[in-house]
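First the structure, in the form of structure tokens, and then the observations on it.
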Amino acid sequence: MRPAVGRYTDGKVRAIGVSNFGPMHLKTLLERTGVCPTVNQIELHPYFIQRKMRETNSRYGIVTEACSPLGRSVRDATASSTLKDPLAPTVVELAAKYRGPARPNGPARARSGG
């Protein structure tokens, strides 16, 4: 993390992101460096909402970026298909409504505007 903080303080990068930093990790980072990350990527989906982590991110002004294993059902591990998951139709509907250009090898980006 130190090289990233150095690049940030030198103005070589505009933002620092972290992944899976819990409340204590964030507190330690802030105390030791004085730099607050812009984004914290955490596992987040309908069955794992991480309320405390999202509240911590919000308190520090950190954007929460969701990461989720969409290819399997967390709720019904015995299901042979995620389509047996009761949330699957909702996910499919939302994907159809908000879909953008396919990005099979890159991160999905939220679209702004309406």
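Every number here is computed from the coordinates shown, using simple stated rules; none is lab data. All values reported here derive from a predicted model rather than from experimental measurement. Every residue, glycine as well, gets a Cβ built from its backbone with ideal geometry; the counts of neighbours run over all protein chains shown.
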Rounded to the nearest 0.05, what FRET efficiency do Ser19 and Arg99 give with R0 = 25 Å and r taken as the Cβ-Cβ distance? Could you check? 0.50
With no solvent and one equal point scatterer placed on each C-alpha of region 1-68, evaluate the Debye formula and give log10 I(q)/I(0) for q = 0.28 Å⁻¹, two decimals. -1.28
